[in-house]
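Contents: one structure, followed by commentary.
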Amino acid sequence: MTGRPPKGRTWGRRGITPTVRVSGRSRGRLSVAGLLCFRPGLPARLCYRLRRHTGRRGERRSLGESDYIRLLDGAHHLLKAPLIVVWDRLSTHISKTMQALVAERERLTVVLLPGYAPDLNPVEGMWAHIKRSLANLAARTLSELETLLRRRLKALQYPAQHPRRISRRDGPHSRQTRRTLIRRSQ
């Protein structure tokens, strides 16, 4: 994610096109990796790792193998169980270094998805949801963008603490919402 906001739809007065002003400089970016963790009998959990890149010379512009392994170790610590990780074929996921790091951990099993299969990867839907929620929000600084992103991730990570979380399940036409409205009207 960079300082340039993703495009989205909005409303405006007839004849006046709404615009969002952003600075032309894109100094830095944020990289995010996430896991949706499922365990029988427990609700799904979101684990993520966020890394800030400031654009310095020689600095890596994405997450590396060590970042992904720390994310997996954190998920293992959280769930207290062996992990079966289903990964897409990102070059970092299938690198020789990553294969060696995965082989060192006996509690970790990796299964790779087919070449291009975003519909099989539930994390892709989560990233799409977050990007839609950030559309038309222009962050002036990288710190502001990081704060916005962390808030969105926390809202997905701890839904009980953030009851106004947006999802299709909780929309105005869901069964739960209709039941609530019917009870209130009686």
Original post:
Of the conditions (1) among the small types (Gly, Ala, Ser); (2) closer than 28 Å to residue 86 by Cβ; (3) at pLDDT below 80, residue 31 fails just one. Which one is it?
Top reply: (3)
Original post:
Just wondering, is there one or more residues in the range 47-59 that are among the charged types (D, E, K, R), open to solvent by less than 70 Å² (accessible area, probe 1.4 Å) and either touching a residue at least 12 places away in the same chain (Cβ under 8 Å) or out of contact with any strand residue (DSSP E or B) (no Cβ under 8 Å at 6 or more places or on another chain) (or both)?
Top reply: no
Original post:
Taking residue 112 and the conditions (1) over 21 Å from residue 62 (Cα atoms); (2) modelled with pLDDT of 75 or more, which numbered condition does it fall short on, given that it satisfies the others?
Top reply: (1)
Subject >> Within the range 119-142, tally of residues that are under 20 Å from residue 34 (Cα atoms) and open to solvent by 50 Å² or more (accessible area, probe 1.4 Å) >> reply: 6
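Those residues that are outside any helix (DSSP H, G or I) and loosely packed, with under 12 Cβ neighbours inside 10 Å, I need them from the range 96-116; list them, please.
Hits for the range 96-116 are 104, 106, 107, 111, 114, 115, 116.
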Subject >> Test set (1) within 25 Å of residue 143 (Cβ to Cβ); (2) open to solvent by 80 Å² or more (accessible area, probe 1.4 Å); (3) without any contact (Cβ under 8 Å) to a residue 24 or more places away in the chain - residue 17 fails condition number >> reply: (1)
**OP:** With respect to residue 93, determine if the residue is out of contact with any Leu (no Cβ under 6 Å at 6 or more places or on another chain), in a loop (DSSP other than H, G, I, E, B), surrounded by 15 or more Cβ atoms within 10 Å (Cβ to Cβ) and not hydroxyl-bearing (Ser, Thr, Tyr).
**Re:** yes
Original post:
Any residue at all in the range 63-80 that is in a loop (DSSP other than H, G, I, E, B), free of Cβ contacts under 8 Å to residues at least 40 places away in the same chain, within 23 Å of residue 146 (Cα to Cα) and open to solvent by less than 50 Å² (accessible area, probe 1.4 Å)?
Top reply: yes
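The values are calculated or read from the model by the stated rules, or taken from the named source; none is laboratory data. Not measured: the values here are computed from a predicted model. Don't worry about glycine lacking a Cβ; one is built from the backbone with ideal geometry, like all the others, and counts go over all protein chains shown. Surface areas here come from the heavy atoms of the whole protein model, side chains and all, with no ligands, DNA or RNA. Shrake-Rupley method; radii C 1.70, N 1.55, O 1.52, S 1.80 Å.
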